[in-house]
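A short write-up of the structure that comes next.
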Amino acid sequence: MRYDETKDPQEHVMIFEARMNLEYVGDAVRCHAFPMILAGLTIHWFNSLPQGSIATFTDVSKKFLNQFTTKIAKARHPIKLLDVTQRVGKPMRKYLDQFNDKCLEIVDLVDFLASLCLTNGLVNEDFRKYLTIKSIWTMQEIQCIARKYINDEEFNQVVAANK
């Protein structure tokens with residue numbers, strides 16, 4: 001896995017450190033191994049560092065993160081979940097898959113907020129009404145309930161197609 005400026009540098013350093021921890025290697029080996037996983041402009045950046053400017057792996061990682069900080073993935077705000085809506089005619093399964101994918105992008109997402117956003121984006125009025133009978137749902141509870149509505153929706157589509 002080489003870093004070439006297309007991914008999050010924090011994630012890259014974390015993965016590198018995890019690999020080094022698995023091998024039980026010390027600071028000196030980490031410093032020597034780090035440039036081996038750089039590519040493109042990142043290796044040119046590393047080679048341009050002044051000689052003697054790196055004493056520890058902490059030095060390397062700080063300089064690396066400072067240089068490539070604009071590539072750090074920004075945490076998504078929960079308000080972005082309101083952008084995910086089920087369009088008329090769009091299968092509920094696809095909507096829930098898309099919603100779940102967006103939820104994974106949000107750090108420390110609270111179930112209450114997620115359930116409100118999910119309910120807001122629903123087209124299925126029966127499912128929406130059902131979700132409003134209880135003020136707080138966990139996402140796991142919603143997924144279990146959603147299965148019934150998804151199965152009903154898919155069954156109705158098969159029946160309609162066979163008429």
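None of the figures in this text is laboratory data; all of them are computed from the coordinates on show. What you are looking at is a predicted structure, and each value in this text was computed from that prediction instead of being measured. FYI the Cβ positions are ideal-geometry reconstructions off the backbone, even for glycines, and counts take in every protein chain you see.
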Q: Using label points projected 7 Å from each Cα along Cα→Cβ, tell me how many nm separate Asp101 and Ile37, to one decimal.
A: 2.7
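Taking a temperature of 20 °C and a viscosity of 1.002 mPa s, what whole-number D in µm²/s does Stokes-Einstein yield for the chain with Rh from Kirkwood over alpha carbon pairs? Please report the intermediate quantities before stating the final value.
Numbers: Rh = 19.6 Å.
D, rounded to a whole number, is 109 µm²/s.
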Q | Additional length obtainable on full extension of the chain from Arg93 to Asn151, 0.36 nm per residue less Cα span | A | 20.0 nm
Q | Cross-link partners of Lys80 among aspartates and glutamates (Cα-Cα below 13 Å; sequence separation of 8 or more within a chain) | A | Asp101, Glu105
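Grab the beta carbon distance between Gln67 and Asn21, set R0 = 22 Å, and tell me the FRET efficiency rounded to 0.05. Display every interim value, and only then the final one.
Working: r = 24 Å, r/R0 = 1.07.
It comes to 0.40.
Can you put Ser48, Ser115 in order, fewest other beta carbons within 10 Å first?
Numbers: Ser48 7, Ser115 20.
Fewest-to-most ranking of Ser48, Ser115: Ser48, Ser115.
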Q. What list of whole percents do you get for P(r) of segment 9-71, with Cα-Cα distances grouped in 5 Å bins up to the one holding the largest distance?
A. 4, 17, 32, 29, 14, 5, 0
Q.
Could you give the length gained by full extension between Ala28 and Asp126, i.e. 0.36 nm per residue of separation minus their alpha carbon distance, to one decimal place?
A. 29.1 nm
